[in-house]
Amino acid sequence: MIGKLTGRIDTLGLHDLIVDVQGVGYRVSASARTLRQMGVGQPASLLIETVVREDAIHLFGFASAAEHEWFKILTTVQGVGARVALSILSALSPVDLQMAIMAQDKARLTQADGVGPKLATRLLTELKDKVANMAVGSLSPSPSAAAAPVASHEMAGVYADAILALERLGFSRTSAWQAAAGVKHDLGEEAAVGDIIKSSLKRLTGETI
């Protein structure tokens, strides 16, 4: 089973590349994010996920360990095959994907080709518990992550109301959720909804309000 390939990029395509390893060319499917980091004739090292089927062996390559791990996480969801997982990773970075799931931002996931509203809902439902105790940008639970507001996908009460108000002002759910999570850390559970919105807008716009 191939786990890593190191060689030179022989050919770059829209959805795959060929890695020349000592004269042997391996065709590897990859996300647009990984492909953008490659250059024909340039050295490259890719983490590989090998998928063996009855009629073929497919290689999927990743420029980062985070992208590789998210590929494996995504393909545990019913209806998400390797191609759809690569499409999601092409549309969202691993950190953006984690934040979208934590914020339950269905619209963000549907930006990926092949992900409709039903599949986006399934992704959010099946993966929310997996990311709930992850530190942002991490793929493993952090001892302090469960207590950190930013590491929880739950936003209730006045904070949920504030997020809804921010969405109505034109901010994405993920952006609104991130701002409110930071404000929750600063203001605590008992803050008034107006103060939450005001402080969140300051974070979102970088302005003094």
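FYI, it's all coordinate maths here, none of it is from the lab. From a predicted model like this one, the values you see are computed outputs, not experimental measurements. Don't worry about glycine lacking a Cβ; one is built from the backbone with ideal geometry, like all the others, and counts go over all protein chains shown.
So the values come out like this:
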{"read-out": "R36 being more than 26 Å from S172 (Cβ to Cβ), among the basic types (K, R) and over 12 Å from the mean Cα position of the chain (by Cα)", "value": "no"}
{"read-out": "Qualifying residues in region 95-111 (those that are closer than 27 Å to Q37 by Cα and surrounded by 21 or more Cβ atoms within 10 Å (Cβ to Cβ)) - the one nearest to the chain's Cα centre (by Cα)", "value": "L97"}
{"read-out": "One residue from T50, T34 being surrounded by fewer than 20 Cβ atoms within 10 Å (Cβ to Cβ) and of a type in the set (S, T, N, Q)", "value": "T50"}
